[in-house]
1. Here are the criteria: (1) out of contact with any Gly (no Cβ under 7 Å at 6 or more places or on another chain); (2) assigned to a strand (DSSP E or B); (3) surrounded by fewer than 19 Cβ atoms within 10 Å (Cβ to Cβ). Tell me which single one residue 133 does not satisfy.
2. Which pairs do you get when a residue that is closer than 30 Å to residue 84 by Cα, found in the stretch 112-124, comes within reach of a residue that is aromatic (Phe, Trp, Tyr) and buried (at least 21 other Cβ atoms within 10 Å of the Cβ), reach meaning Cβ atoms under 7 angstrom, with the pair 6+ apart or on two chains?
3. Check residue 164 against each of (1) under 25 Å from residue 194 (Cβ atoms); (2) not in a strand (DSSP E or B); (3) not hydroxyl-bearing (Ser, Thr, Tyr) and name the one condition it does not meet.
4. If I go through the stretch 82-103 residue by residue, how many of them are in a strand (DSSP E or B), of a type outside the set (Ser, Thr, Tyr) and out of contact with any Ser or Thr (no Cβ under 6 Å at 6 or more places or on another chain)?
Amino acid sequence: MRLASFAFAGFIAAAPLVLAAHSASAQRPGSRGASSTGGAASLFDVTPYAGYMVFGDYLGGPLGTSLHNAPAPLVGVQLGMKIAPNLSMIGNLATSNSDVQVGVPFFGGVSVAHSTVLLYDAGLQLDIPMTTAYGTTLSPFIQAGVGAFHYDITQSFVNATATNLAANVGVGADLAIARGVGLRLMAKDYIGQFNFHDATSIDVNSSTAQNFAFTAGMRFSF
């Protein structure tokens, strides 16, 4: 959790320095501060998105039983800041509402509580821009970072919270549809363990879960 906070603080602190360097580069004769279309290169981007989150099992029980969050819709926003021509620092914030379920073989999931999940992370994105046969700009990318999952769990009058560290890797692509506007498709894998001590004050060895987010959104560059 502290690591994610430090990453976000570094992202905010570095923004003025990168902006000043970018402006100075653009003012120098012969600099590469212009895009291939003749305008100034975009330094920042923001991508509101929506999608679907598939949670992994964070506890396995006897006879194939398990404890996990049910798949649920996801909404969020990602911020990006260029630090090199094809490399960006990114920060991400998203939320999802999902039932906590006990998985029972042959019977599916049985809901035992409700949870609101907040996930946040920071990392790096590498773009691989290319031009398609139709002349449109397509930019596949890969991401890697670290952040956290925060769970607010409610059942009747009982409330519990838990926060766990989660690494992530992602792949996707941006398709330009207008100047400074593009369609973004992305799949991201969040890898971490549920913190049972936070939620119950009991030390339980949870499984390492892979949580997959499949999203689509609009990327605005400026």
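1. (2)
2. Filtered contacts from the stretch 112-124: 119/149; 119/190.
3. In the conditions (1) under 25 Å from residue 194 (Cβ atoms); (2) not in a strand (DSSP E or B); (3) not hydroxyl-bearing (Ser, Thr, Tyr), residue 164 misses (2) alone.
4. Matching residues across the stretch 82-103 total 10.
FYI, it's all coordinate maths here, none of it is from the lab. It should be emphasised that the depicted structure is a prediction, and the values quoted were computed from it without experimental measurement. All Cβ positions, even for glycine, are placed from backbone atoms using ideal geometry, and neighbour counts span all protein chains on display.
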